[in-house]
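Peer 1: Can you read through this structure? Questions will come right after.
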Amino acid sequence: MINIYIGLLGYLCGSIRFAYLIPLWFKKIDITKLSDDGNPGAYNAFKYAGIPLGILVIILELAKGFIPIRLAYMFLDPNDIRFALVILAPIFGHSYPLGNFFKGGKAIAVTFGVFLGLYPEMTPLTYLVVMYLFTSLVIVINPHWVRSVICFFLVALGIYLSPILISVKAGCIGGCCLVCFRHILARDKVAMPLTKQIKVSFFGGK
């Protein structure tokens with residue numbers, strides 16, 4: 001039963017839409033209405049609510065992924081395959097929150113928090129940080145949703161090939177797949193073929 005309780009806690013933590021609530025509480029703005037994609041995420045919080053509130057949002061978004069995983073390590077056996085569902089719970093909660101008719105965000109920040117919470121197992125976080133920086137700074141792929149899908153696909157592939165616990169591997173790969181799915185759902189709907197939309201640059205150049 002403890003697996004169910006902690007998994008439910010993780011889902012509820014993930015369901016808290018800090019990127020939507022913080023700007024609304026402090027600046028009376030609804031970033032889902034101001035932004036082009038309607039996403040209640042950390043990027044839009046930075047863009048429309050400013051840097052101080054954006055930093056607060058990113059900390060809280062990381063925390064809602066980090067805290068349930070640390071609690072899970074205290075009470076659960078990570079060798080148990082059900083640990084994978086606990087890993088996935090905060091990411092799923094952010095993507096499909098209990099409120100707002102299960103319409104959530106793209107779950108990038110909370111995934112960073114979840115992977116950070118897996119310490120001392122740092123393989124998933126290392127892959128995520130390296131690939132995120134690589135696809136954002138070295139080989140820059142646009143549009144953003146394509147970049148994120150490629151990034152998290154590569155992260156999932158790296159984790160799959162890594163010699164880590166099967167429960168951790170399954171949970172992290174599931175989380176990456178969910179992030180990819182959310183980005184594909186939220187992609188820009190344009191008439192031109194995808195091959196013509198994609199633009200690649202090196203180190204931000206043209």
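Peer 1: Exactly one condition in (1) of a type in the set (G, A, S); (2) out of contact with any Asp or Glu (no Cβ under 9 Å at 6 or more places or on another chain); (3) part of a helix (DSSP H, G or I); (4) buried (at least 20 other Cβ atoms within 10 Å of the Cβ) is false for S136; which is it?
Peer 2: S136 satisfies every listed condition except (4).
Peer 1: Which of (1) aliphatic (A, V, I, L, M); (2) farther than 22 Å from S35 by Cα; (3) modelled with pLDDT under 95; (4) touching a Leu at 6+ places or on another chain (Cβ under 7 Å) does L116 not meet, given it meets every other one?
Peer 2: Of the numbered conditions (1) aliphatic (A, V, I, L, M); (2) farther than 22 Å from S35 by Cα; (3) modelled with pLDDT under 95; (4) touching a Leu at 6+ places or on another chain (Cβ under 7 Å), the odd one out for L116 is (3).
Peer 1: Cβ-Cβ below 6 Å, separation at least six or inter-chain, first residue in region 1-26 and part of a helix (DSSP H, G or I), second among the aromatic types (F, W, Y): which pairs?
Peer 2: Note: pairs meeting the criteria are I2/F75.
Peer 1: Only residues that are charged (D, E, K, R), open to solvent by 50 Å² or more (accessible area, probe 1.4 Å) and part of a helix (DSSP H, G or I): list them for region 58-83, please.
Peer 2: The answer is R70, and nothing else.
Peer 1: Quick check on region 36-57. Is at least one of its residues on the phi < 0 side of the Ramachandran plot, assigned to a loop (DSSP other than H, G, I, E, B) and surrounded by fewer than 15 Cβ atoms within 10 Å (Cβ to Cβ)?
Peer 2: Within region 36-57 (the criterion being on the phi < 0 side of the Ramachandran plot, assigned to a loop (DSSP other than H, G, I, E, B) and surrounded by fewer than 15 Cβ atoms within 10 Å (Cβ to Cβ)), the answer is yes, since at least one residue qualifies.
Peer 1: Name the residue that is nearest to the chain's Cα centre (by Cα), counting only residues in region 95-119 that are part of a helix (DSSP H, G or I), among the small types (G, A, S) and under 17 Å from V149 (Cβ atoms).
Peer 2: Taking the candidates together, the pick is A109.
The values are calculated or read from the model by the stated rules, or taken from the named source; none is laboratory data. Small disclaimer: the values here were computed from a predicted structure and weren't measured. Glycine also receives a Cβ, built like all others from the backbone with ideal geometry; neighbour counts cover every protein chain displayed. Side chains are part of the model used for accessible areas, which takes the heavy atoms of the whole protein and leaves out ligands, DNA and RNA. Shrake-Rupley method; radii C 1.70, N 1.55, O 1.52, S 1.80 Å.
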